[in-house]
1. So V149 clears everything in (1) hydrophobic (A, V, I, L, M, F, W, C); (2) surrounded by fewer than 17 Cβ atoms within 10 Å (Cβ to Cβ); (3) modelled with pLDDT of 95 or more; (4) within 30 Å of R34 (Cα to Cα) except one condition, right? Which one?
2. Could you look through the range 155-169, keep only residues that are out of contact with any Ser or Thr (no Cβ under 7 Å at 6 or more places or on another chain) and surrounded by 14 or more Cβ atoms within 10 Å (Cβ to Cβ), and pick out the one that is farthest from R80 (Cα to Cα)?
3. Scan the range 48-83 residue by residue and report those that are of a type outside the set (G, A, S), part of a strand (DSSP E or B) and either buried (at least 20 other Cβ atoms within 10 Å of the Cβ) or touching a residue at least 24 places away in the same chain (Cβ under 8 Å) (or both).
4. Take the residues of the range 20-47 that are part of a loop (DSSP other than H, G, I, E, B) and touching a residue at least 24 places away in the same chain (Cβ under 8 Å): which is surrounded by the most Cβ atoms within 10 Å (Cβ to Cβ)?
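The values are calculated or read from the model by the stated rules, or taken from the named source; none is laboratory data. Owing to the predicted nature of the structure, the values given are computational and were not obtained by experimental measurement. Every residue, glycine among them, receives a Cβ derived from its backbone with ideal geometry; neighbour counts consider all protein chains shown.
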Amino acid sequence: FWNVWLIEADGSDPRALTRFTEDKARLPVVSPERTAVAYTVETAAGWELRVTDSQGTANRTLTDQIVTDGRATWSPDGGRLAFVADPDGVKNVYVFDLATGDMTQLTDNPQDVGAPAWSPDAATIAYWVQGAESGQDIWTIPAEGGTPVQLTQQPGDDADPAWSPTGDAIAFSSTRNGDWDIFVMDVDGRDQRQLTTDAADDQDPAWSPDGAFIAFETKRDS
């Protein structure tokens, strides 16, 4: 069975934060202040979003409505989590307030959405929307609610938006050229530029803390 572990950056002191013998814990995301970890759990009844402290002693279930394999994203102040849920059968972005326990629907799309990502200034959330004809595109919406803005509209799928640490760029994955590659663009969708060109799939970009590098998942070795 799968559990969430924590390890120091130098590879020392690995320790279990969960100790499930039946459920499967996945997709851990450390809070900005490094005092909590949100993670998704597959149970016999379905999927749940849970959070624990950095010692694994205060596990708390937030909701049982997160989608299969859904990953949450922390607000920069660590007080809220954005994630995708489908209580009415359509996937939309929801925000959970850890202090109040309130769960609020943020997007209202007839098509499915996914992969929400909070901007560093907490003002905006980026995500993808499954278009009826064009495939997936990257959109943004004010984190407190408001009018969504479409950033990409090329044929193919755009996914996995990731904000730069300074909030002035968004990296994302795209199949617009036939396979998954890593792209980056301005936060208003301008100056979209391709970073990887390998024939194998490159996906799920993540920025280094100084914004100088982007790490990503690849199938180049398989």
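1. Here V149 clears every test but (4).
2. The qualifying residue farthest from R80 (Cα to Cα) is A169.
3. Passing the criteria: L49, R50, V51, T52, L62, T63, I66, T73, W74, R80, L81, F83.
4. So, considering only residues that are part of a loop (DSSP other than H, G, I, E, B) and touching a residue at least 24 places away in the same chain (Cβ under 8 Å), the one surrounded by the most Cβ atoms within 10 Å (Cβ to Cβ) is S31.
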